[in-house]
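Worksheet: the structure to be examined is printed underneath.
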Amino acid sequence: MKKKSTLRLFVLAFLVALVNATEMKNARADNEPNAAALGVKVETLIRSDRSWNGDLLPKLNDVQAEVRVLRITVPAGVTLPRHFHPVINAGVLLQGRLRVESDDGASQSLQPVQAIIEMVNKVHRGISLGPDPAVIVVVYVGPKGSPITVPATSALNPNSTKKANEIVTIRPLTTVDSQQGLMQFVGISGANSGARGLSMNRVVIPPGGQAAAHRHVGSESAIFLLAGRVETFYGPCLEKSVINQTGDFLFIPPGVIHMPVNLSASEAAIAIVARNDANEQEHVELHTPPGKATSCF
């Protein structure tokens, strides 16, 4: 009962913020590459596995919980791409008018200050009815590092019981932020394909960018560098490094602390990353930056 009460409090603890938004001509998202191309703005107000006083949040089925609060602005007339949420989420509409429609024909319309508890693992879409942009604050509660929104094309059927006997096509259209601070297109994971012991993502390191120092607990990493030059620092104090270029394969053993850095100031580095963990983001541990770890002195 205590876990349920705590979770309910997190879902109901919404942040209210003022938003400035611009108008946009009517458009549809169904055939667009991603929502951002339609002027949809997504802001992360807070993301953490801890409460404000630093305490870890309760676990969900023995997995560390994480709360994310997003403010999403959808221009008037825009229809969002069909998608589903594999985690619990609820929102409050701050401005505009919004209608949500599920693939099974159900729908609900929202006016400002109305709240909604979204469906989990059911495909749906949102439509900003205008005349003003729709601005909604949404709270997501789920396992740490798990995806919160998955395009409908990323799974034949998120509720399918036949995944073990089916070939699943994944066509990721939007990026998610990894715990180590990189943009990634989630390819194969337990959440979107039914995979049990494998994950595969397309990771982008921006020009001059780098990941936070981290390690993957209990999982091996196999990496193919599609484009760019990357220097990967590794070891307990990041005292070693290796430089790789387009076409190189890398193997990182479980638990090895590492930090990839894009050596180009003008071009992104792109890699395909596979791990023997279907939910590898739940097992990422960040490392104390060099100079702050007493064990490095």
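The values are calculated or read from the model by the stated rules, or taken from the named source; none is laboratory data. Keep in mind it's a predicted model, so treat the numbers as computed, not measured. Note: ideal-geometry Cβ built from the backbone for every residue, glycine included; neighbour counts use all protein chains shown. Protein only, heavy atoms only, side chains kept; ligands, DNA and RNA dropped before computing areas. Shrake-Rupley method; radii C 1.70, N 1.55, O 1.52, S 1.80 Å.
Values as computed for the structure displayed
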quantity: The range 78-92, residues that are over 17 Å from A152 (Cβ atoms) and surrounded by fewer than 20 Cβ atoms within 10 Å (Cβ to Cβ); calculated: I88, A90, V92
quantity: Residue selected from the range 284-294 under the condition part of a loop (DSSP other than H, G, I, E, B) and open to solvent by less than 50 Å² (accessible area, probe 1.4 Å), by the criterion modelled with the lowest pLDDT; calculated: A293
quantity: Candidate set from the range 47-77 (those that are part of a loop (DSSP other than H, G, I, E, B) and modelled with pLDDT under 90); member that is most open to solvent (accessible area, probe 1.4 Å); calculated: N61
quantity: Any hit, the range 168-186, residues being at pLDDT 85 or above, more than 15 Å from the chain's Cα centre (by Cα) and not acidic (D, E); calculated: no
quantity: Residue ID - surrounded by the most Cβ atoms within 10 Å (Cβ to Cβ), chosen from residues in the range 93-107 that are over 22 Å from V67 (Cα atoms) and touching a Leu at 6+ places or on another chain (Cβ under 9 Å); calculated: L98
quantity: Test: residue in the range 89-101 that is closer than 17 Å to G145 by Cα and touching a residue at least 40 places away in the same chain (Cβ under 8 Å); calculated: yes
quantity: Strands (runs of 3 or more DSSP E) completely within the range 92-154 that count 2 or more residues being of a type in the set (S, T, Y); calculated: 107-110
quantity: Only listed residue being within 19 Å of P81 (Cα to Cα), β-branched (V, I, T) and surrounded by fewer than 20 Cβ atoms within 10 Å (Cβ to Cβ), chosen from V120, V135, V113; calculated: V120
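Every residue, every condition in (1) in contact with a helix residue (DSSP H, G or I) (Cβ under 6 Å, 6 or more places away or on another chain); (2) aliphatic (A, V, I, L, M); (3) at pLDDT 95 or above, yes or no:
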position	(1), (2), (3)
R82	yes, no, no
V92	no, yes, yes
E101	no, no, no
A106	no, yes, no
E118	no, no, no
V137	no, yes, yes
